[in-house]
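A short write-up of the structure that comes next.
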Amino acid sequence: MDPFAKVEIGSTGVSVPRLGLGTAPLSGMVLGDGLYGGTAHDEAVRIINRAQELGISYVDTAPLYGSGRAEARVGQSAFANADRDSFVISTKIGRVLNPADSGVSAEDDPDGIGDLDPVNTWTRDDVHRSIEDSLKRLNLDRIDIIYVHDPDVESYGEEQAVNEAFPALIELREQGVIKAIGCGMNEWQMPLKFIQRFDLDIILLAGRYTLLDHSGLSEFLPACVERDVKITVGGPYNSGILARDLSKPVTFNYEQASSDLVDQARKLTDICVAHGVDLKAAALQFVLAHPAIATAVPGAQSIDELEQNIAMVQQEIPAGLWSDMRSAGLIPDNAPTPE
């Protein structure tokens, strides 16, 4: 499979490669009880620069990631000086960042932003403010894709998203300020309601369609195919369990994985080993085989992990691996697999 092959996002004029880069692990924030994240500024910029050198042309970020640090690090990377038509950037609305009462100042901060506190909000005014602030941190003149981020984390989030955020983004798309819009969430139920109500282009679905979690397969993904809504898969390794040594503690959705999930991951691993395939390769290529899915944006905490992600998409996988996984009841019979 070619990690650099492009997929068009409807009629938006945006095309994304099969493999992009997620920046949550590059934000300095620590996820999963310290098992994931915490990359320092210089190393994060170095990883992002290497991604650009290797030909990765889609980067996903968000104000939430490190309270602006992920965006700022992209803005200090080689992407900020690259041909703007050579790459796609997505970020999110749903949090505005205010200066913290105490902490590091912008002048003393290698990221140049100082300590900021996120506030959950999906109002029309804060959509505009969030995009303007993101443009400054990213050091760019435009953002290609905007996702409405996690409106399920507050009781008022869905109402604000429906009544204010999506209408504001639709107006900005009509004006040509942004090209594609959608939402980014860790569930599929609310995004299903959103695509049924609004003309959305792309959904960032984190963790709900993976080699280990097929919950988005039966209802959500077919609805996306029917409406020509493309999917960006976030968390294709379920935050670690499909990418790390299973003899040590691993995370699933940023929490320590249960023994049942670890056992299932071990069964998947055993089949991969029998066929001479890396589990990470199977995890990435499994999700990319679905016709709704345009791209996957795994994070990377090192250049080695970044380069491994590219190699995993390129690795040859025999058809017998997928049939063995089906026979063992580890993937659904109706889940598309690579040809």
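The values are calculated or read from the model by the stated rules, or taken from the named source; none is laboratory data. Since the model is a prediction, treat every value here as computed from it, not as a measurement. Positions of Cβ are generated from backbone atoms using ideal geometry, with glycine treated the same way; all protein chains shown enter the neighbour counts.
Here LEU212 meets each of (1) within 19 Å of GLY329 (Cα to Cα); (2) in contact with a strand residue (DSSP E or B) (Cβ under 8 Å, 6 or more places away or on another chain); (3) without any contact (Cβ under 8 Å) to a residue 24 or more places away in the chain with one exception, condition (3).
Pick from segment 91-107 the residues that are out of contact with any Phe, Trp or Tyr (no Cβ under 6 Å at 6 or more places or on another chain) and part of a loop (DSSP other than H, G, I, E, B): which of them is nearest to SER155 (Cα to Cα)? Lay out the reasoning, then the answer.
Looking only at segment 91-107, we keep the residues that are out of contact with any Phe, Trp or Tyr (no Cβ under 6 Å at 6 or more places or on another chain), and these are 91, 93, 95-107.
Filter once more, keeping what is part of a loop (DSSP other than H, G, I, E, B): 100-105.
Working: ALA100: 25, ASP101: 26, SER102: 29, GLY103: 30, VAL104: 32, SER105: 33 Å.
Within segment 91-107, the match that is nearest to SER155 (Cα to Cα) is ALA100.
So the check is Cβ under 8 Å with 6+ separation or different chains; which pairs have a first residue in segment 39-53 that's surrounded by fewer than 20 Cβ atoms within 10 Å (Cβ to Cβ) and a second one that's of a type in the set (Lys, Arg)? Taking only residues 6 or more apart or on different chains, the pairs are HIS41/ARG69; HIS41/ARG73.
Within segment 276-306, the residues that satisfy the criterion of being exposed (fewer than 15 other Cβ atoms within 10 Å of the Cβ) and either farther than 17 Å from GLY235 by Cα or free of Cβ contacts under 8 Å to residues at least 40 places away in the same chain (or both) are GLY276, PRO291, ASP304.
Yes or no, residue by residue, for (1) modelled with pLDDT of 95 or more; (2) in a strand (DSSP E or B):
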| site | (1), (2) |
| --- | --- |
| VAL7 | yes, yes |
| PRO25 | no, no |
| ILE48 | yes, no |
| GLU71 | yes, no |
| ILE89 | yes, yes |
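Across segment 92-123, the qualifying residues are those that are among the β-branched types (Val, Ile, Thr) and buried (at least 16 other Cβ atoms within 10 Å of the Cβ), and the one among them that is farthest from PRO167 (Cα to Cα) is ILE113. Among the residues that make up segment 157-170, is at least one of them part of a loop (DSSP other than H, G, I, E, B), out of contact with any strand residue (DSSP E or B) (no Cβ under 6 Å at 6 or more places or on another chain) and not small (Gly, Ala, Ser)? The answer is no; no qualifying residue exists. In segment 73-87, the residue that is nearest to ASN49 (Cα to Cα) out of those that are polar (S, T, N, Q) and not in a helix (DSSP H, G or I) is SER77. Whether any residue in segment 283-294 is more than 15 Å from LEU211 (Cα to Cα) and touching a strand residue (DSSP E or B) at 6+ places or on another chain (Cβ under 8 Å) is what I want to check. Yes, segment 283-294 contains at least one residue that is more than 15 Å from LEU211 (Cα to Cα) and touching a strand residue (DSSP E or B) at 6+ places or on another chain (Cβ under 8 Å). Apart from one condition, VAL153 fits all of (1) buried (at least 21 other Cβ atoms within 10 Å of the Cβ); (2) touching a strand residue (DSSP E or B) at 6+ places or on another chain (Cβ under 8 Å); (3) on the phi < 0 side of the Ramachandran plot; (4) of a type outside the set (Phe, Trp, Tyr); the exception is (1). Do we have any residue at all in segment 226-243 that's modelled with pLDDT of 95 or more, assigned to a helix (DSSP H, G or I) and farther than 19 Å from VAL148 by Cα? Taking every residue of segment 226-243 in turn, at least one turns out to be modelled with pLDDT of 95 or more, assigned to a helix (DSSP H, G or I) and farther than 19 Å from VAL148 by Cα. Among the conditions (1) touching a residue at least 40 places away in the same chain (Cβ under 8 Å); (2) in contact with an Asp or Glu (Cβ under 6 Å, 6 or more places away or on another chain); (3) at positive phi, the only one that THR12 does not satisfy is (3). Consider only pairs whose beta carbons are under 7 Å apart and that are at least six residues apart or on different chains; among these, list those whose first residue lies in segment 229-254 and is without any contact (Cβ under 8 Å) to a residue 60 or more places away in the chain and surrounded by 23 or more Cβ atoms within 10 Å (Cβ to Cβ) and whose second residue is among the aromatic types (Phe, Trp, Tyr) and not in a loop (DSSP other than H, G, I, E, B). If the second residue must be among the aromatic types (Phe, Trp, Tyr) and not in a loop (DSSP other than H, G, I, E, B), the pairs left are ASN238/PHE252; ILE241/PHE252.
Among the residues of segment 53-69, just one is touching a Ser or Thr at 6+ places or on another chain (Cβ under 6 Å) and assigned to a helix (DSSP H, G or I), namely ARG69.
Select, from ARG266, ARG197, the only residue that is in contact (Cβ under 8 Å) with a residue 24 or more places away in the chain and surrounded by fewer than 20 Cβ atoms within 10 Å (Cβ to Cβ). If you could, list the steps in order and put the result at the bottom.
Values: ARG266 fails: in contact (Cβ under 8 Å) with a residue 24 or more places away in the chain.
Testing whether each residue is in contact (Cβ under 8 Å) with a residue 24 or more places away in the chain and surrounded by fewer than 20 Cβ atoms within 10 Å (Cβ to Cβ) leaves just ARG197.
Being farther than 28 Å from GLY13 by Cβ, of a type in the set (A, V, I, L, M) and modelled with pLDDT of 95 or more is a description that applies to LEU211.
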